[in-house]
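> Quick one: the structure is below, and I'll ask about it shortly.
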Amino acid sequence: MHTLTDTCGLHPFSNLTPDVVLDALAGIGLYGDGRLMALSSYENRVYQVTLEDGLRVVAKFYRPERWSRAQILEEHAFAAELMAAEVPAVGPLALHGSTLHQHAGFAFSVSPWRGGRQPELDDFEVLEWTGRFLARIHSVGAAQPFVARPALDWHSFGTESRDWLLGHDVIPLDVQSAWRDACDQALHLIANNTGQTSAGGTFGLKDATQLRLHGDCHPGNILWTPLDEWGRGGPHFVDLDDARTGPAVQDLWMLLSGERPQRTYQLSVLLDGYEQFRSFDRRELALIEPLRTLRLIHYSAWLARRWADPIFPINFPWFGSSDYWRGQVDMLHEQIEAMAEAPLSV
């Protein structure tokens, strides 16, 4: 299996000790008081750091070799555009003329700390409010394209992930053929534009308008603060690390959960808020299950590609077993059925 290691055979993040983190911040004039807390992040390493003046910042150390400098700076520029448009996104601070810094072989950025909790997505007001801000994110995202960052597409999330998994012998032999057949069937459906719209036609990824997205807009990447006496509060969006080009519905579907009636209700409320600020092409609802399927395939490849990072075996001990892959086969069959059904409608 392909691994990312340094010359000593260790993963690069094993060199990112607390002293290295604090030295990196000191190098740009931010002096910690010794309080350092690792935040939940698998792709990168993210720390809440308390400075000597009592302020808290969030230091993000990027996974080596994942994004180029140009791609990271595009993420930062997108965050700056959102904040300039008064969209509540949290972007990196410009320090010494740059948002991206280097120390001990790591690229890192520093953002202001923002508190909050996951939004209560069963609350009508919270859902509608979130929909309004997603529309504002997409209005900014549609203003110009990404140049360096990739697109969310059938090839990169689907066939490339499948081929990597099969080419690196990740899947146990007793389930490999069943997984390959189910994966091929699902990808064939997506590639052949079989997402049925509520009007009876088909609509595929290649038919959707492309714009800059948050890209990974699940509830954990939205922090909610209650309104204060001045009316301040509500959602703010964090972690644009997966920002890509893609269809608008990508930033909506991960906020839906539960049985079909519950998801229909949630989607209706989200779009009520969304369409107060921006029109939404309802044909994109046919992409929800294809996008969910691509994420399912991509997620397995993501875990496998990161397995040399010690944090992954610790946090995902069930990954790689025959039981895991049999479960993936079952979920792919469920997705094949879901893609044949009529899409959610509101």
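Each value in this text was obtained by applying a stated rule to the coordinates, not by laboratory testing. Being a predicted model, the structure only gives us computed values, none of them experimental. Note that each Cβ is placed from the backbone with ideal geometry, even for glycine, and that neighbours are counted across all protein chains shown.
> If each of Ala26 and Arg180 carries a label point 7 Å out from its Cα toward its Cβ, how far apart are those two points in nm?
Taking the simple label geometry, Ala26 and Arg180 are separated by 5.5 nm.
> Pick out, from Gly27, Leu39, Val58, the residue whose Cα sits farthest towards the positive end of the charge dipole of region 1-96, with +1 on the Cβ of Lys and Arg and -1 on the Cβ of Asp and Glu.
Of the options given, the answer is Leu39.
> Assign one of three labels to region 29-94, namely rounded, prolate or oblate, based on the Cα gyration tensor with a ≥ b ≥ c the square roots of its eigenvalues; rounded applies when a/c is under 1.5, prolate when it is not and a/b is larger than b/c, and oblate otherwise.
Oblate, since a/c reaches 1.5 and b/c is not below a/b.
> With θ set to phi - 60° and the Karplus curve 6.51 cos²θ - 1.76 cosθ + 1.60, what are the ³J(HN,Hα) couplings of region 153-162 in order, to the nearest whole Hz, using x for Gly and Pro?
These are the phi-based 3J(HN,Hα) values: 9, 4, 6, 5, 8, x, 5, 5, 5, 4 Hz.
> Another question about this same structure. Looking at the square roots a ≥ b ≥ c of the eigenvalues of the Cα gyration tensor of region 1-153, which shape do they give, rounded for a/c under 1.5, prolate if a/b is larger than b/c, or oblate?
prolate
> Taking the Cα centre of region 32-76 as the origin, how large is its charge dipole in debye, to the nearest 20, when only Lys and Arg (+1) and Asp and Glu (-1) carry charge on their Cβ atoms?
Magnitude of the dipole: close to 160 debye.
> Let me ask another. Find the relative contact order for the chain and round it to a whole percent, using C-alpha pairs within less than 8 Å whose residues are 6+ positions apart.
Reported relative contact order: 21 percent.
> Here's something else I'd like to know. How long is the gain from Arg66 to Ala80 if the chain were fully straight, where each residue apart is worth 0.36 nm and the alpha carbon distance is subtracted?
Extending this stretch completely gives an extra 2.9 nm.
> Show me 98-104, 64-70 ranked by packing, highest mean number of other Cβ atoms within 10 Å first.
98-104, 64-70
> Ok, one more. If you stretched the chain out fully between Tyr324 and Arg260, how much longer would it get, using 0.36 nm times the residue separation minus the C-alpha to C-alpha distance?
20.5 nm
> Another question, then. How many nm is it between the label spots at Ser139 and Met37, if each spot is 7 Å from the Cα in line with the beta carbon?
3.5
> How large is ³J(HN,Hα), in whole Hz, for each residue of region 337-342 in order, when computed from phi with the Karplus curve 6.51 cos²θ - 1.76 cosθ + 1.60 and θ = phi - 60°, using x for Gly and Pro?
5, 5, 6, 8, 7, 5
> Now for a separate question. With charges set only on the Cβ (+1 for Lys and Arg, -1 for Asp and Glu), what does the dipole of the chain come to about its Cα centre, in debye to the nearest 20?
It comes to approximately 480 debye.
> Mind putting a number on the dipole of region 86-171 about its Cα centre? Charges go on the C-beta only, +1 for Lys and Arg and -1 for Asp and Glu, and I need it in Debye to the nearest 20.
Approximately 400 debye in magnitude.
> Tell me which GluC sites (Glu not before Pro) from region 230-295 have a DSSP coil assignment and no more than 16 other beta carbons within 10 Å of their own.
In loop regions of region 230-295 (DSSP not H, G, I, E or B), the sparsely surrounded GluC sites (Glu not before Pro) are Glu259, Glu275.
> Just to check I understand the Karplus step: with θ = phi - 60° and J = 6.51 cos²θ - 1.76 cosθ + 1.60, what whole-Hz values come out for region 275-284, glycine and proline as x?
Each residue's phi maps through the Karplus curve to give 7, 6, 10, 7, 6, 10, 7, 4, 4, 5 Hz.
> A further question on this structure: Under a plain spin-label model, where a point goes 7 Å from the Cα along Cα-to-Cβ, how far apart in nm are Ala342 and Leu51?
5.6
> Taking springs between alpha-carbon atoms closer than 10 angstrom, which of Asp33, Asp153, Asp53 fluctuates most in the Gaussian network model of the chain?
Of the options given, Asp53 has the highest mean-square fluctuation.
> Could you work out which residue, out of Ala143, Ala186, Ala59, moves most in a Gaussian network model of the chain, that is, has the largest mean-square fluctuation with Cα springs under 10 Å?
Ala143
> At a Förster distance of 30 Å, what's the computed FRET efficiency of Arg114 paired with Tyr299, Cβ-Cβ distance as r, to 0.05?
Approximately 0.65, to the nearest 0.05.
> Do the sum for the chain: with -39,500 (n - 2.57) for every DSSP H run of n ≥ 4, divided by all residues, what is the mean residue ellipticity at 222 nm, to the nearest 500 deg cm²/dmol?
Here the helix-only value at 222 nm equals -12000 deg cm²/dmol.
> With just the Cα atoms defining each centre, how far is region 116-173 from region 37-52? Give it in Å.
23
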